[in-house]
Structure formats: C-alpha cells, structure tokens
C-alpha cells in the first residue's frame, strides 16, 4: 500500500508532544472508503483470522479500548491503520517498504497458498490488514509495541515489507520488517523528525545496542547471524556504521520516480537553509539515494507543517502538476505526496502537559490531502461522531469521506479557480480545531484530577525526578493511566467536543462543496454567456 509517513520527536515538535503521522494511500486503480471508530474490549476478537492470508491467531484476553480507521468495506479485512489505546500509546501501520532480491532469497515472504487437490491451504503471515488489531490493544508503551509486533513477526512471518510507528508521551519507535521473519526498530531521536516515502529508511543502526541494552535499537534475535550468513552488510570499512537501507532496501529506478522525491520535498520544506536543494549543485536532489532518515528541523514542527508536507505536490518547483514552473514533462516526473487515491491521514499527538484523560489527540483527514482539512478528535471516548464513523460504500455527501472525495474531484480540474476556497476552508476549520482543543482542555482542567490520579502522579514524579536526566515525562503506572482515561465525566466532555467538531466540520465542508460545485459548473464547456430568451 503506497503511503507517506513523518515522525516528529518531542523536542522537535512545537509543544513538546510526540507526533506520528501517515497518509494511507490506496493501491493504484482503487479507492478505500474509511471509518473512524472506537473498538471496545468486548468488541475485540479473541480468535482473529486474516482475510488475505487465512491465518488464525489467538489473542490475549485483556484488550484495551482503542481507536482505529478501518475500511468501510471489509471484504479484504479490517485494515485498522492508525489509533490510540487507553494507555495513551499510539500506532500507525503500515508504510509499505521496498527490499531487494538478496533479502528475499535469504528470508522469503510468508505467502498464502490456496488448497490444491488433496493438499490443504497453507496460511500466510501477518500484514497491514492485521497489525493494528493484533498489537495496539495489548501494549502499554511504545517500546512494548515493538516487542509484541517483533515477536509476532518472528512467529508468523509477513507477506510484505512493512514500516510501523509506535509512540507514547516520551518515545517514538520505528519498526521495519526485513524479509519474511526479521525486523529492526530504532528510537526516533527526540530532537529530530523522520521522513518515510515507501522505502526502507533507517540508514544507521547499532547492532550491539539492539542485541544488548536496547536503549535506542531493537531487532530480531538472530539478526547479526542473518546478516553475516547471507553477506548482507555492504559497508566497505569495519568502522562504517551498519546501514540497513543499503543492506535490506532498494535503490531502483522506480524509487527515484516514486519514493525519494517525497523525502526530498519534505526535508526541503523543513530544512530550507541547511543545504542547497535545487539546481545542478544541490546537496540532495529528488533522486538522491542518501537523503537522511532522521534530521533536526530548522524550527519546531507544527501540526500544520505535518499536514502541509503530507499534502504537498512539489509546490514551488518544476515538478508541481498544478504549477506553472517547468513544463509538461517535469510536472509529471515524480509521484506527489498528496495524491488522488489518498484514503485517510491520521496525525496522532501525545501531549505531555495535559492529564492522561485528554492527553492524546487524533487529528483526522479523509480523501486527497491537497483538497481536504485536518481536524482534531479526542480518542479516549466511548464513540466517535457519525459523520466520520458511518462511512458507507455508497457515494453520499452526508459523510466526511465522500464529501472530500467529491470536492477533490471537482477541484483538480480547476485548481487555480478553486484553490482560494480550499485554503480558506482549511484555515478556518484548522483554527476551529485548535480553539476547540483549548476550550476542551480548559473544561477538563476545571474538573481537576481525581484524588487517586493526583496521588499516583505526585508519587511517580518524586521517584522519577531522583534519577531522570533526560527530561522525560514520568509516566504513571499503565493501569493508573487506564483508570484515569476511563473517567466517565471526562469522557463525556471529550465526546461532546468531538461531536461539536464534527458538526462544525460538516457545515464548513458543505459550504466548500457548494462553492466548488458552483465554480466548476460555471466553467463547463457547454456554458454560453448570453442569457437565454
């Protein structure tokens, strides 16, 4: 599945939050309507069966509640994609990655084999369809997410290359699968952001740490032996850090059209002055193989920055299909980040300065990003608004997904005449979202912490301050977090805020649809400017 991911460490973000964000793009030639839902513990299966790989997995008995963004049509499975659980741990799954023949020869994908004659079917491994459902309800830290998914990969294998993000209030971890059963994971530096454009991305990896203390790196247990036995390390000197991108990834011609330009543009936007980005003497070009995986931004990264880069179509360059620079050849050279077959964008923000009950925000957008808007919802609620939850497979302007799909189709052919209306809509709804979050935070703050939460947090902070040197936020015991998140009075406030956001969003989206429909109707080729008599 074609996607684009950006991860923002807490010291790189505008407010000290960890932020993970990813476009879910459907495969070429198809669209996937999406829903935004809450999955309660009693709704979580105990026997899970994958539709694609026919694999059955027994799941633990104690799932947490979590949000997800599944397909409206379940014929290919759930595809939960992005969510936050009651321990305020977030997950985004998955970024489809590239690999090479050496890796697949050493550790082939675990693919489903249908029954043939007297031979029974052979289930395949796990994949994007499954990951969120079988991992997120069972983890209480980002690190635990890596550990659980890593164990499942080693046991069941996978039929595709995957990149998966986990975050909590202190850490972001990025996991990449390697062949059928192997995997690596790296902690995102707090001061950095990470760009991932459908390529295996990690470019430096400390195997000693991964197989030892696991402070910043983790991996499958036999990874060192796997690398050595199959001659996968391409370093020319022993002192050179191990480069997984060289060992496990690809540098194909199609990468230079489809993948690397996206990383180039995102970093060009977030670090415009660090290096030369354009022209024959550029330090990095759209087709460069060595664009860094992680980078410190020149200024703190905002939610709006995340939305901008994940909506981009190479504005200000000769490669913009809607632009006036370059020519017809350059304007269609590279695959844009904001593409027609976008399904949804989830930007998950874990805020260290708010109580556990309203610490997490899941910002959501549906449809093609250049023409949609990103708005906030609180995930620790009992239900989500119907405008985002009740997406049907039938086209209708009464739900957020299809309204955005219609708007994008209308605007694409009249970009310049509709762009002002789209920008006003994005700015207005974004401002509404920030105001709503602030008002909701204030309303929750007036309740005060429960006595139990206040005592637990105070004790944890005292213990943590004695040995903390990293500036991390001391997490409460996960069970105490869950108890705080389940506060029914707070949940009622958050649910009401979500509904208010959805109601205002529908009003503004309907206005935009009316505006761009009028503009496009007036530009129809069968129009005639003399009044009819």
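The values are calculated or read from the model by the stated rules, or taken from the named source; none is laboratory data. Since we're looking at a predicted model, the values are computed, not measured. When we count neighbours, we look across all protein chains shown, and the Cβ atoms used for this are built from the backbone with ideal geometry, even at glycine.
Could you say whether any residue in the stretch 121-128 is under 22 Å from residue 51 (Cα atoms) and under 16 Å from the mean Cα position of the chain (by Cα)? Outline the logic, then answer.
Applying the first criterion (under 22 Å from residue 51 (Cα atoms)) to the stretch 121-128 yields 121-128.
Okay, now just the ones that are also under 16 Å from the mean Cα position of the chain (by Cα), so 127-128.
Looking for residues that are under 22 Å from residue 51 (Cα atoms) and under 16 Å from the mean Cα position of the chain (by Cα), one finds at least one in the stretch 121-128, hence yes.
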Those residues of the stretch 249-287 which are over 21 Å from the mean Cα position of the chain (by Cα), without any contact (Cβ under 8 Å) to a residue 60 or more places away in the chain and in a helix (DSSP H, G or I) amount to 253, 254, 256
In contact (Cβ under 8 Å) with a residue 40 or more places away in the chain, assigned to a loop (DSSP other than H, G, I, E, B) and over 25 Å from the mean Cα position of the chain (by Cα), is that true of residue 108? yes
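Among the listed residues 175, 152, identify the single one that is under 30 Å from residue 360 (Cβ atoms), touching a helix residue (DSSP H, G or I) at 6+ places or on another chain (Cβ under 7 Å) and assigned to a strand (DSSP E or B). Steps first, answer last, please.
Numbers: 152 fails: assigned to a strand (DSSP E or B).
Criteria check complete, one pass: 175.
Which one of these is modelled with pLDDT of 95 or more, in contact with a helix residue (DSSP H, G or I) (Cβ under 9 Å, 6 or more places away or on another chain) and more than 30 Å from residue 169 (Cβ to Cβ): 83, 105, 124?
Working: 83 fails: more than 30 Å from residue 169 (Cβ to Cβ); 105 fails: in contact with a helix residue (DSSP H, G or I) (Cβ under 9 Å, 6 or more places away or on another chain).
Going through 83, 105, 124 in turn, the sole match is 124.
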Which of (1) touching a helix residue (DSSP H, G or I) at 6+ places or on another chain (Cβ under 7 Å); (2) part of a helix (DSSP H, G or I) does residue 133 not meet, given it meets every other one? (1)
Any chance you could count how many residues in the stretch 205-217 are over 21 Å from residue 292 (Cβ atoms) and surrounded by 15 or more Cβ atoms within 10 Å (Cβ to Cβ)? 2
Within the stretch 199-248, residues being over 14 Å from residue 176 (Cα atoms) and not in a loop (DSSP other than H, G, I, E, B) number 10
Which ones in the stretch 21-50 are touching a helix residue (DSSP H, G or I) at 6+ places or on another chain (Cβ under 6 Å) and in a loop (DSSP other than H, G, I, E, B)? 33, 35, 36, 44
Long-range neighbours under 9 Å by Cβ, at least six apart or interchain, first residue without any contact (Cβ under 8 Å) to a residue 40 or more places away in the chain within the stretch 25-47, second exposed (fewer than 10 other Cβ atoms within 10 Å of the Cβ): 46/58; 46/61; 47/58
Within the stretch 391-424, restricting attention to residues that are free of Cβ contacts under 8 Å to residues at least 40 places away in the same chain and assigned to a loop (DSSP other than H, G, I, E, B), which residue is nearest to residue 34 (Cα to Cα)? 399
Exactly one of 268, 295 is crowded, with 19+ Cβ neighbours inside 10 Å, modelled with pLDDT of 95 or more, in contact with a helix residue (DSSP H, G or I) (Cβ under 7 Å, 6 or more places away or on another chain) and farther than 25 Å from residue 151 by Cα, and that residue is 295
Which is free of Cβ contacts under 8 Å to residues at least 24 places away in the same chain and buried (at least 16 other Cβ atoms within 10 Å of the Cβ), of 184, 202, 227, 172? 227
